[in-house]
Amino acid sequence: MTQDLILASNNPGKLKEFNELLSTIGLRVRAQGELGVPEADEPFATFVENALEKARHAARLTGLPALADDSGVCVNALVGAPGVYSARYAGEPKSDARNSAKLIADLAPHADKSAYYYCVLVYVRHADDPQPVIADARWCGEIVAEARGQGGFGYDPHFWLPALGKCAAELSAEEKNALSHRGQALRALVEKLR
């Protein structure tokens, strides 16, 4: 038997990726926009609080279990910035190009270019679930000034993976899903939900 699960996002890539794994445990993921759920505010300074807020918001408005993620890039020399502000690092309107340019400029004076992508997933059975299921993961790399690759999005063209000798934007979708912070967190969540 399949149970519907609301994804607190309208990102088609996330929807596809989440459906592929969660369908193996009987969950059918539907985008929140499909049920008229507007985006939730993300007022908090931590990934877990923002993800929990988004999951509770979607569950409250649909009456269904919900899943939310919050993720971003954290740069060690910048004390974790841009962190939860990754999507809007250069301000509104959101722009991957402007965000990357600001990150490269902010990091220029620092020798340490190490960074990691971080993702937290929060699953709630209902809006007031006292025991949300939480999974998280990180994907370590370095920030490079020169963009490489055509795939991915966000900071991927600048996220260098030393072990692979590539930027994240040079990976195929399958490679990225296997290695990424989101892919790792999703597999951990599936194991917890089993």
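The values are calculated or read from the model by the stated rules, or taken from the named source; none is laboratory data. Please read these numbers as outputs of a predicted model, since none were measured by experiment. All Cβ positions, even for glycine, are placed from backbone atoms using ideal geometry, and neighbour counts span all protein chains on display. Note: areas computed on protein heavy atoms with side chains; ligands, DNA, RNA excluded. Shrake-Rupley method; radii C 1.70, N 1.55, O 1.52, S 1.80 Å.
So which residues in the range 1-26 are touching a residue at least 40 places away in the same chain (Cβ under 8 Å), of a type in the set (A, V, I, L, M, F, W, C) and outside any loop (DSSP other than H, G, I, E, B)? Across the range 1-26, the qualifying residues are LEU5, ILE6, LEU7, PHE18, LEU21, LEU22, ILE25. The condition of being in contact with a Phe, Trp or Tyr (Cβ under 7 Å, 6 or more places away or on another chain) and of a type outside the set (Lys, Arg) does not hold for ASP4.
Filtered by the rule that a residue be within 30 Å of THR62 (Cβ to Cβ), β-branched (Val, Ile, Thr) and in contact with a Lys or Arg (Cβ under 7 Å, 6 or more places away or on another chain), the range 124-172 gives VAL124, VAL133.
Within the range 35-66, the set of residues being closer than 18 Å to ALA127 by Cβ, part of a helix (DSSP H, G or I) and either of a type in the set (A, V, I, L, M, F, W, C) or without any contact (Cβ under 8 Å) to a residue 24 or more places away in the chain (or both) comprises LEU35, VAL48, GLU49, ALA51, LEU52, GLU53, ALA55, ALA58, ALA59, LEU61. When we screen ALA77, ALA87 for residues that are of a type in the set (A, V, I, L, M), under 30 Å from TRP160 (Cα atoms), modelled with pLDDT under 95 and in a helix (DSSP H, G or I), the only hit is ALA87. If you go through the range 185-194 and keep only what is in a helix (DSSP H, G or I) and surrounded by fewer than 20 Cβ atoms within 10 Å (Cβ to Cβ), you end up with ARG187, ALA188, VAL190, GLU191, LYS192, LEU193.
When the range 139-172 is filtered for residues that are open to solvent by 50 Å² or more (accessible area, probe 1.4 Å) and either out of contact with any helix residue (DSSP H, G or I) (no Cβ under 7 Å at 6 or more places or on another chain) or part of a helix (DSSP H, G or I) (or both), the ones remaining, listed by number, are CYS140, GLU142, GLU146, TRP160, PRO162, ALA163, LEU164, LYS166, GLU170. Give the residues of the range 111-123 that are assigned to a strand (DSSP E or B) and either open to solvent by 40 Å² or more (accessible area, probe 1.4 Å) or in contact with a Lys or Arg (Cβ under 6 Å, 6 or more places away or on another chain) (or both), sorted by residue number. Result: TYR116, TYR118, CYS119. Scanning the range 16-43 for residues being basic (Lys, Arg) and touching a Phe, Trp or Tyr at 6+ places or on another chain (Cβ under 6 Å) gives a total of 0.
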